[in-house]
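The values are calculated or read from the model by the stated rules, or taken from the named source; none is laboratory data. Note that the structure is a prediction, hence the values are computed from the model and not measured. Neighbour counts run over all protein chains shown; Cβ positions are idealised from the backbone, glycine included. To get the accessible areas, we keep the full protein, side chains included, count just its heavy atoms, and leave off ligands, DNA and RNA. Shrake-Rupley method; radii C 1.70, N 1.55, O 1.52, S 1.80 Å.
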Amino acid sequence: MANPHIDPLLVVPAQGPVSEQAASRGIPVEVVDFGQVAAIRRPVRPSSVSAAMSDWFGAARRLKDVTRRHGAQIVHSNGLKAHCIAGLARKLGGEACVFHVRDIAVRGSERLIWKGLARTSDHTVLVSRACWPGEMLPGNVSVVFNGVKPDTMPASLDTAIQARRTGGSLVVGICGRIHPFKGHHVALDWLGAAHRRGLRITLLVRGEAEEEDRPYLESLKRQAEALGLRDFVHFEGRFEGLAAIYNGLDAVLVPSETPDPLPRSVMEAMSMGLPVVGYPAGGIVEMIDHRENGWLAGDAQAFCTAMEEISSLGPMLVELQKSAARTVAERFGMERMHRQVNDVYSAVLGR
């Protein structure tokens with residue numbers, strides 16, 4: 001919505017923090033109630049779609065009315081439910097629609113849905129190539145990486161990192177939501193292997209688990225205990241702001257064994273000048289160039305090797321930081337994202 005090339009209108013299914021943020025910035029907000037469409041969950045079941053059919057058409061008609069009243073030329077939707085409503089509104093005579101896909105189709109039924117979405121939209125934007133379930137991208141599908149505003153690590157943090165590396169100990173963080181898909185259990189197994197190898201590593205887990213994921217969090221604590229890592233794994237909860245999230249870390253680990261579309265923690269850590277070690281799956285392989293701006297590790301052996309190399313970076317840390325900064329600026333910069341999205345809009349409108 002900060003794209004300087006557009007005049008934004010935010011449409012939400014209910015008032016909340018997003019609409020409050022928009023309103024505080026002078027962005028007009030409209031509410032279109034999704035009704036039973038909001039109850040649909042992945043994996044998508046035909047029964048849930050049938051139950052929501054009436055509300056689906058109602059929401060699509062209301063969206064069409066809202067966009068016409070505001071003179072909108074394009075509906076840019078985020079999320080599967082929003083895509084379905086925007087696509088139906090288009091079929092009912094509404095404005096051109098651009099779908100922004102931020103998920104990977106895991107099941108066969110989802111792959112069919114993704115391809116169906118592309119046929120319904122005027123254009124579909126993927127946050128990474130990993131999001132498309134096919135070898136070739138259709139002509140109306142393109143990849144636009146998410147953007148972040150480049151940040152820099154405070155000099156005091158950089159000095160502290162060098163001091164800890166000199167002492168031979170590493171502090172590694174996993175930052176973000178605690179969920180089985182994020183691979184925290186994988187990280188604990190790797191950390192156990194690293195300690196058996198004699199590597200001195202402390203793991204800080206920063207983030208929260210949703211209520212339904214609390215059992216997973218408890219299982220992680222038991223796993224750390226069973227591996228003899230109680231003194232080397234700390235679950236620190238939620239932090240606010242990049243400086244606080246990444247403060248005190250020597251490196252960031254993103255062990256998403258389940259393919260992750262485009263983990264924000266990778267680009268954020270790069271922007272902070274921190275070495276990143278990521279699991280080679282999903283969009284991570286489109287973000288990390290192995291041993292150039294970070295490390296890819298698919299097993300405990302590769303993780304240990306990465307930790308050994310990071311601990312011995314010394315002056316080479318500066319070169320890694322420069323490479324990561326270039327990656328953020330060229331691949332994940334906010335201005336680049338806005339420019340590419342605007343090119344999509346121009347193509348859709350025939351300009």
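Things worth noting here:
- Identity of the residue in segment 121-130, among the hydrophobic types (A, V, I, L, M, F, W, C) and within 24 Å of LEU349 (Cβ to Cβ), that ends up nearest to the chain's Cα centre (by Cα): VAL127
Every residue, every condition in (1) under 22 Å from MET307 (Cβ atoms); (2) of a type in the set (Phe, Trp, Tyr); (3) at pLDDT below 95, yes or no:
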{"site": "ILE161", "(1), (2), (3)": "yes, no, yes"}
{"site": "HIS184", "(1), (2), (3)": "yes, no, no"}
{"site": "ARG196", "(1), (2), (3)": "yes, no, no"}
{"site": "LEU217", "(1), (2), (3)": "no, no, no"}
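- Residues of segment 276-331 satisfying the condition of being among the β-branched types (Val, Ile, Thr) and under 30 Å from VAL101 (Cβ atoms): VAL276, VAL277, ILE284, VAL285, ILE288, THR327, VAL328
- When the criteria are applied in full, PRO280 fails the requirement of being under 26 Å from ALA105 (Cβ atoms) and either among the polar types (S, T, N, Q) or within 14 Å of the chain's Cα centre (by Cα) (or both).
- The set of residues in segment 290-303 being touching a residue at least 24 places away in the same chain (Cβ under 8 Å) and touching a strand residue (DSSP E or B) at 6+ places or on another chain (Cβ under 9 Å) consists of ASN293, GLY294, ALA297, PHE303.
- Within segment 210-254, being open to solvent by less than 20 Å² (accessible area, probe 1.4 Å), among the hydrophobic types (A, V, I, L, M, F, W, C) and assigned to a loop (DSSP other than H, G, I, E, B) holds for LEU229, LEU249.
- Annotation note: Cβ proximity below 9 Å between a residue of segment 210-239 that is within 19 Å of VAL172 (Cβ to Cβ) and a residue that is small (Gly, Ala, Ser) and part of a strand (DSSP E or B) (sequence gap 6+ or interchain) occurs for GLU236/GLY173.
- Residue count for segment 194-205, restricted to those that are out of contact with any Ser or Thr (no Cβ under 6 Å at 6 or more places or on another chain), open to solvent by 20 Å² or more (accessible area, probe 1.4 Å) and either of a type in the set (D, E, K, R) or at negative phi (or both): 5
- A count restricted to segment 287-320 and to residues that are open to solvent by 40 Å² or more (accessible area, probe 1.4 Å) and over 17 Å from ALA194 (Cβ atoms) stands at 8.
- Considering residues of segment 170-209 that are in contact (Cβ under 8 Å) with a residue 60 or more places away in the chain and of a type in the set (Lys, Arg) only, the residue farthest from GLU236 (Cα to Cα): ARG197
- Once segment 106-124 is narrowed to residues that are modelled with pLDDT under 90 and in a loop (DSSP other than H, G, I, E, B), the residue that is most open to solvent (accessible area, probe 1.4 Å) is ARG107.
- Enumeration of residues in segment 172-193 that are crowded, with 19+ Cβ neighbours inside 10 Å and among the hydrophobic types (A, V, I, L, M, F, W, C): VAL172, ILE174, CYS175, ILE178, VAL186, ALA187, LEU188, TRP190, LEU191
- Complete set of residues in segment 12-56 that are surrounded by 14 or more Cβ atoms within 10 Å (Cβ to Cβ), in a helix (DSSP H, G or I) and at pLDDT 95 or above: SER19, ALA22
- Within the set GLU257, GLU330, the sole residue that is open to solvent by 50 Å² or more (accessible area, probe 1.4 Å) and either touching a strand residue (DSSP E or B) at 6+ places or on another chain (Cβ under 8 Å) or free of Cβ contacts under 8 Å to residues at least 24 places away in the same chain (or both) turns out to be GLU330.
- Filter result for MET1 (open to solvent by 20 Å² or more (accessible area, probe 1.4 Å) and touching a strand residue (DSSP E or B) at 6+ places or on another chain (Cβ under 9 Å)): yes
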